[in-house]
Amino acid sequence: MKPRILIVDDNESNRMLLTAKMEADGYDADVASNGLEGINKAEGLHPDLILLDVMMPQLDGFETCRRLKAKDETRYIPVIMLTARGELEDKLMGLEVGAEDYIVKPYSLVEISARVRSLLAVRALYARLRESEKMAALGEMVDGIAHEIRNPLTTVGGMARRLYEAAQEDVHKRYASTIMSSVKRMERMMARIDEYKGILVSTLKPGDLNAVVEQAAKEAALLLEDLVDSTGKRKSIVINTNLLPDAPPVSIDAINLKMAIFNVIQNAVEAIESNGAVTLETVLLDENTLALKVTDDGVGMSEEFVKKIFHPFSTSKMTGAGLGLTISYRIIQDHNGVVEVESREGQGTTFTIKFVLTPGALVS
Ligand SMILES: Nc1ncnc2c1ncn2[C@@H]1O[C@H](COP(=O)(O)OP(=O)(O)O)[C@@H](O)[C@H]1O
Ligand SMILES: [Mg+2]
């Protein structure tokens, strides 16, 4: 998704100029022509950054900024004030009402671009930090719960087995065996949690992403053999690979990364209801970034659901533990990688995993 910039300025030609520049820089631009409209749009659109003119009739930029910073929904959106005069008083006023930055008019568009880019980068880093802290806290909690559950679960499983063996009536046998299979399911979940602990440390060394992808694909291909659709018919799924020849090396822990990629491919395969294709592609996105794209033409997900898929226990499957992507996320993070998801319901999904190349890795 493109970052969204909200431009608040009463002057139409300024709005047009800034809109054109922001769009040329690859952002989505929205405009508001006064302070109140700006506040409304900030609340409704959740922009990633606001360019805010100071001199506006009625509600001026300072007051608009003060109100934005007073509300929880809009407080964390960075604001760049566009001040007409370079007077110290104005700059101080801007910072006092909580603006993150200010630019003095007449401004150069190049300067605006640079300031926007740097504030967005800070904001993205901050979001990543918050996300990773959240994941770490969740991980600890899950581990703690698993620890508490393990012993009683063994007892429940053992007692259910005894009941099963001692049962005289069929109906009691059925009850007991239902308990037993539920216990099995929970034990599988425990196993995944142990796996999660196992991946907590990745030891990185330069390696070949393509080789890891191929290995993960090979293991995923084994899954295909016993996948059936809802009518019990075997699914017909192909896994295609399109790997960049002579891909530059990246820092990897081959075993952990294979697991991370395998989980993503497994989900892709499971998202296909009866027949379809999963494509694995490695590409250079720019001189610093090697990416793996995993694309499927399966059921897809809503935008709302995509936000939750990396959280533990988030699953849409009857037998899923909802931990596969939690594990993948953690591993990818330990690789200093980034994972992005694009999905359309009924059409399919693409996971893009981006790796930073070691400087000089790419010989041109
Ligand atoms: N490629 C995909 N297409 C559609 N849904 C997906 C895809 N990948 C993940 N999901 C969704 O994310 C959820 C979480 O995935 P995961 O953490 O691996 O747990 P699990 O596979 O055990 O459910 C899945 O249940 C599914 O709803
Ligand atoms: Mg999964």
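Per-structure values
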{"read-out": "Hits in the range 319-348 (condition: more than 21 Å from Ala124 (Cβ to Cβ) and either in a helix (DSSP H, G or I) or within 13 Å of the chain's Cα centre (by Cα) (or both))", "value": "Gly324, Thr326, Ile327"}
{"read-out": "The range 100-121: number of residues that are assigned to a loop (DSSP other than H, G, I, E, B) and over 13 Å from Ile50 (Cα atoms)", "value": "4"}
{"read-out": "Conditions (1) touching a residue at least 24 places away in the same chain (Cβ under 8 Å); (2) under 28 Å from Val306 (Cβ atoms); (3) in a helix (DSSP H, G or I); number of the one not met by Glu23", "value": "(1)"}
{"read-out": "Unmet requirement for Gly337, which otherwise passes all of (1) more than 13 Å from ligand 1 (Cβ to nearest atom); (2) in contact (Cβ under 8 Å) with a residue 60 or more places away in the chain; (3) within 19 Å of Leu244 (Cα to Cα); (4) surrounded by 16 or more Cβ atoms within 10 Å (Cβ to Cβ)", "value": "(2)"}
{"read-out": "Hits in the range 243-257 (condition: free of Cβ contacts under 8 Å to residues at least 12 places away in the same chain and more than 17 Å from Ala216 (Cα to Cα))", "value": "Pro245, Asp246"}
{"read-out": "Checklist (1) more than 30 Å from Ile193 (Cβ to Cβ); (2) assigned to a loop (DSSP other than H, G, I, E, B); (3) in contact with a Phe, Trp or Tyr (Cβ under 7 Å, 6 or more places away or on another chain) applied to Pro245, failing item", "value": "(3)"}
{"read-out": "Pairs where the first residue, in the range 113-129, is at negative phi and the second is assigned to a helix (DSSP H, G or I), C-beta under 7 Å, 6+ apart", "value": "Ser113/Lys21"}
{"read-out": "Contacts under 8 angstrom Cβ, first residue in the range 299-310 being touching a residue at least 24 places away in the same chain (Cβ under 8 Å) and within 13 Å of ligand 2 (Cβ to nearest atom), partner hydroxyl-bearing (Ser, Thr, Tyr) and not in a loop (DSSP other than H, G, I, E, B), 6 or more apart", "value": "Met301/Ser343; Met301/Thr349; Phe310/Thr326; Phe310/Ser328; Phe310/Tyr329"}
{"read-out": "Whichever residue in the range 26-78 is over 28 Å from the mean Cα position of the chain (by Cα) and in a strand (DSSP E or B) and, among such residues, is surrounded by the most Cβ atoms within 10 Å (Cβ to Cβ)", "value": "Leu52"}
{"read-out": "Selected residue [under 27 Å from Glu273 (Cα atoms) and buried (at least 16 other Cβ atoms within 10 Å of the Cβ)] from Ala176, Ala191, Ala220", "value": "Ala220"}
{"read-out": "Scan of the range 208-234 for residues that are small (Gly, Ala, Ser), in contact (Cβ under 8 Å) with a residue 40 or more places away in the chain and part of a helix (DSSP H, G or I), ordered by number", "value": "Ala211, Ala216, Ala217, Ala220"}
{"read-out": "Enumeration of residues in the range 259-276 that are away from ligand 2 (no atom under 15 Å from the Cβ) and crowded, with 17+ Cβ neighbours inside 10 Å", "value": "Gly276"}
{"read-out": "Top-ranked residue of the range 313-328 - restricted to ones that are of a type outside the set (A, V, I, L, M) and buried (at least 21 other Cβ atoms within 10 Å of the Cβ), ranked as nearest to ligand 1 (Cβ to nearest atom)", "value": "Gly324"}
{"read-out": "Residue check, Phe305 in the same structural domain as Thr349 (by TED's automatic domain parsing), under 29 Å from Glu140 (Cα atoms) and under 14 Å from the mean Cα position of the chain (by Cα)", "value": "yes"}
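The values are calculated or read from the model by the stated rules, or taken from the named source; none is laboratory data. Since the structure is predicted, the reported quantities are computational estimates derived from the model, not experimental observations. Positions of Cβ are backbone-derived with ideal geometry, glycine not excepted, and every protein chain shown enters the neighbour counts.
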